[in-house]
Amino acid sequence: MKLGKKTLMLGTLLLLCSLSLGMVQTAQAKNPLNCTTEYWFVGHLGIFDAEGRLLCWIGTVSGDINGEINWWMYILDKNCPQVTHFADDIWEILDSETGEPLLRGDEHGTTTIRHGKNSVWRSNGIVTEAYGEFAIWLGRNAHMSGHFTWIVPSFPDSGSGIMRIN
């Protein structure tokens, strides 16, 4: 089968455009997403997901992603020891205007509780769902950390932190 000059040129042009687009998406995915978070404790509201996780924190995320963020957590130890470990928890980022999901992931980490002072937490996880322009982040590592204050001992208030996905 003999191809004409125009067909060959069009095919070459389409191939180059396709390769260029792939290189742009790959380049974008090489730089981590960096965000800041602000959050408020809502665990006292008693909202659970289908797997038994409690909606503990809601907040905002800004930076390379802008939206709302929620943390769903299993409550492992109600005694509030000084250092707690958590696993199989879920975070999700939603579009502020539409409520549509942008990213979702799992996490595990630790919280150091210092009643009367800022308490700190740190987690690592994986992006398990990614939508729209964020689809290239599916399967990527997520790292978060932050601090929070207390209203009274055993009742958290609010805090802020950072989120990085690479």
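The values are calculated or read from the model by the stated rules, or taken from the named source; none is laboratory data. On a predicted model such as this, the values are computed, not experimentally measured, just so you know. Glycine gets a Cβ as well: all are built from the backbone with ideal geometry, and neighbour counts include every protein chain shown. Side chains included, ligands, DNA and RNA excluded: accessible areas come from the protein's heavy atoms. Shrake-Rupley method; radii C 1.70, N 1.55, O 1.52, S 1.80 Å.
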Practice task
Could you list, in sequence order, all residues of the stretch 132-166 that are touching a Leu at 6+ places or on another chain (Cβ under 6 Å) and either under 19 Å from D89 (Cβ atoms) or not hydrophobic (A, V, I, L, M, F, W, C) (or both)?
Solution key: I165
Practice task
Report yes if some residue within the stretch 110-117 is small (G, A, S) and open to solvent by less than 50 Å² (accessible area, probe 1.4 Å); otherwise report no.
Solution key: no
Practice task
Kindly provide the set of residues from the stretch 31-55 that are more than 16 Å from S154 (Cβ to Cβ) and buried (at least 17 other Cβ atoms within 10 Å of the Cβ), ordered by number.
Solution key: L33, C35, T37, Y39, R53, L55
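Residues checked against (1) in contact with a His (Cβ under 7 Å, 6 or more places away or on another chain); (2) of a type in the set (A, V, I, L, M, F, W, C); (3) open to solvent by less than 40 Å² (accessible area, probe 1.4 Å):
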position: W57; (1), (2), (3): no, yes, yes
position: I65; (1), (2), (3): no, yes, yes
position: I75; (1), (2), (3): no, yes, no
position: I90; (1), (2), (3): no, yes, yes
position: G105; (1), (2), (3): no, no, yes
position: W137; (1), (2), (3): no, yes, yes
